[in-house]
Amino acid sequence: MWLANRAMLRHLRLVQGFTRGLSTSSTSSRTTSRVIGSLHLLKAFAMTSGAAAAAWYVSMHRTTTPAACEASISPGEFVKGLKEISLEEVQKHKSKSDGGIWVTYKGGVYDITEFIENHPGGESKILLAAGGPLEPFWSLYAQHQEEFVYSILEEMRIGNLKASDKEALAQKDESDPYANDPARSPLLTVRSQKPFNAEPPLELLDSEITPNDLFYVRNHLPVPKVDAKDYKLEIVHRDGRSSALTLDDLKRKFKPHEVTATIMCAGNRRNEMNSIKTVKGGYWDAGAISTARWTGALLSEVLEELGITEEGVEHIQFEGLDKDSTTQTIYGASIPADIAMDKKNEVLLAYKMNDEPIPADHGYPIRAVAPGIVGARNVKWVGKIIASDKESDSHWQQNDYKGFNSSVDWHNVDFSTAPAIQELPVISAICSARVEEDEVVVQGYAYSGGGRGIIRVDVTADNGSSWEIAELSPADPNQKRNRVYGWTLWSATLKLPECKKTMEDGCLVL
């Protein structure tokens, strides 16, 4: 099966992308036409053992923009003709029995009664704002600061907040929950400040091991401030008993184990999906993926030492120390027990990243590193591990990071019908392309989840008439079959074909 999309870029130079033979639940399952600053058609296919091929095309220069930049909705601004409502009146509307559930945002008043049950974050969270302002909650969850969210909110507008009340709310001295966030490299391309999300420029993804400062950052909540001297990891047994380990315990009692592993966000390349159909979620280019050497204690050995076996245990849950200060909700996720408890899968309680203590943004002092598993399950700042017969009941396990077909949207989604994403499929991306006279030198990465290694990357410059095999550079050439957890960098030099015809739509085909 072939999937294709063409961007009609009459005044730019075109690269087209295709995928072949791949069905996937990840957001990386789509491709788009992309500009590389050269009038030539390039294609690349990465193949893994036991997996089909996939092609991805990435430009040297960004050609798409977040949906939020394409409109000009100003939520909460004064709307002429709407009635004025006092904050006191809003505070009286906290339930359906009160005549509806009202909230404020800036200078607007909204009746969200009918929206409650469709809120992606669940009813309980949105009800915390009932009768009051949304700002304290939206400051924690920057995904609300999108045009489609503003549009939905304004559809529920019922009035303007009384001017004096608006001023009073604006003057409230709210402490910043992100005050402890660390300094970051100015080289990162920031996608969200609060919570902080950023990726490295694609042209800097040219090293088998990503420097810590350039490793992509995906935070869901504020970075917690953790004192290593006071840190204790709680492990809950299947029967409810608890054990505790300090950071020193993990370093002294268990032999250090090192694994080279790539971690990729499930939203990597979401911008390319948006070029086909706008999807909900933060903006990402192709840089939400990085590779490091992780050092720590094998989770299987820690659980074995504590007497925890697979008997009655189906899932290993992780809970982070990062939390929503307004609700005390903590980030959590889980992976299947047969993966977590098998030594061969090399799941770590990591305390080093590229031979240094794990940086604050990446989980200091302990991060769960589950090689071959989507980034969302590699929980940072781990504070608790639970051996359970059930998956984590975390929002991010139950109502996020799941895949659906393109006909499913917020109005008809049923998260219970889809499994939580664990392994991601094979992908490859062009990170740079350099034209040299009659040749083009292209470089990129290829990766597959589940420990499946890349066996070949094919590249074409003539619309598939001929293919060149790229040179491969795996992050760790010593990793064994079905335990290849690092990405593979690749490069190829191709002869540029002559232009054959100009299509009616203005695009050039080579």
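The values are calculated or read from the model by the stated rules, or taken from the named source; none is laboratory data. Nothing here was measured: the structure is a model prediction, and the numbers come from that model. Quick reminder, even Gly has a Cβ in these numbers, built from the backbone with ideal geometry, and neighbours come from all protein chains shown.
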Looking only at region 230-261, count how many residues are among the hydroxyl-bearing types (Ser, Thr, Tyr) and within 28 Å of the chain's Cα centre (by Cα).
-> 2
Only listed residue being under 27 Å from Ser416 (Cα atoms), surrounded by 13 or more Cβ atoms within 10 Å (Cβ to Cβ) and touching a residue at least 12 places away in the same chain (Cβ under 8 Å), chosen from Lys96, Lys125, Lys106, Lys166 | Lys125
Which residue out of Thr210, Thr262 is under 30 Å from Ser491 (Cβ atoms), part of a loop (DSSP other than H, G, I, E, B), in contact (Cβ under 8 Å) with a residue 24 or more places away in the chain and not charged (D, E, K, R)?
-> Thr210
With respect to Ile289, is the statement that it is in the same structural domain as Gly375 (by the TED database), surrounded by 24 or more Cβ atoms within 10 Å (Cβ to Cβ) and among the β-branched types (Val, Ile, Thr) true?
-> yes
Which of the residues spanning region 179-194 are β-branched (Val, Ile, Thr) and either in contact (Cβ under 8 Å) with a residue 60 or more places away in the chain or assigned to a loop (DSSP other than H, G, I, E, B) (or both)?
-> Thr189
Given the residues Val440, Val435, Val457, which is the only one that is buried (at least 24 other Cβ atoms within 10 Å of the Cβ), in contact (Cβ under 8 Å) with a residue 60 or more places away in the chain and assigned to a strand (DSSP E or B)?
-> Val457
Please specify each residue of region 111-124 satisfying the condition of being closer than 16 Å to Phe148 by Cα and not small (Gly, Ala, Ser).
-> Ile112, Phe115, Asn118, His119, Pro120
Lys225 touching an Asp or Glu at 6+ places or on another chain (Cβ under 9 Å), in a loop (DSSP other than H, G, I, E, B), surrounded by fewer than 17 Cβ atoms within 10 Å (Cβ to Cβ) and touching a residue at least 12 places away in the same chain (Cβ under 8 Å) | no
Look through Asp400, Asp409, Asp393 and report the one residue that is under 22 Å from Ala288 (Cβ atoms), acidic (Asp, Glu) and under 22 Å from the mean Cα position of the chain (by Cα).
-> Asp400
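Quick grid of which residues meet (1) surrounded by fewer than 24 Cβ atoms within 10 Å (Cβ to Cβ); (2) in a strand (DSSP E or B); (3) of a type in the set (Ser, Thr, Tyr); (4) in contact with a Leu (Cβ under 6 Å, 6 or more places away or on another chain):
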{"site": "Lys352", "(1), (2), (3), (4)": "yes, yes, no, no"}
{"site": "Tyr364", "(1), (2), (3), (4)": "yes, no, yes, no"}
{"site": "Ala368", "(1), (2), (3), (4)": "no, yes, no, no"}
{"site": "Ile373", "(1), (2), (3), (4)": "no, no, no, no"}
{"site": "Ala376", "(1), (2), (3), (4)": "yes, no, no, no"}
{"site": "Lys380", "(1), (2), (3), (4)": "no, no, no, no"}
{"site": "Ile385", "(1), (2), (3), (4)": "no, yes, no, no"}
{"site": "Glu391", "(1), (2), (3), (4)": "yes, no, no, no"}
